[in-house]
Amino acid sequence: MAVVLFEPRNNAYYGGQVAAPVFRAIARPVLRYLHVFPDTAPATVHASAASAAPPAFRQEAEE
């Protein structure tokens, strides 16, 4: 299934902003009707190491 929107409104033009909510509204009841259920519960998102502050480094004295 694909959702295509031509000339989206409200200054939103990314797929996640425009098409994803429409896809979800259509896909959820269709999948439920077809008896397709999620395998697991949605995972909790934790802060990754990449988003953490970098460690402070000590500058070694030159000899």
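The values are calculated or read from the model by the stated rules, or taken from the named source; none is laboratory data. Worth saying up front: this structure is predicted, and the values here are computed from it rather than measured. No Cβ is skipped: glycine too gets one built from the backbone with ideal geometry, and neighbour counts run over all protein chains shown.
Do we find a residue being part of a loop (DSSP other than H, G, I, E, B), at pLDDT below 85 and aromatic (F, W, Y) anywhere in the stretch 34-42? Within the stretch 34-42, none of the residues are part of a loop (DSSP other than H, G, I, E, B), at pLDDT below 85 and aromatic (F, W, Y).
Beta carbons closer than 7 Å, at least 6 apart along the sequence or on distinct chains, pair a first residue in the stretch 12-40 that is closer than 13 Å to M1 by Cα with a second that is of a type in the set (V, I, T) for A19/V3; V22/V3; F23/V3.
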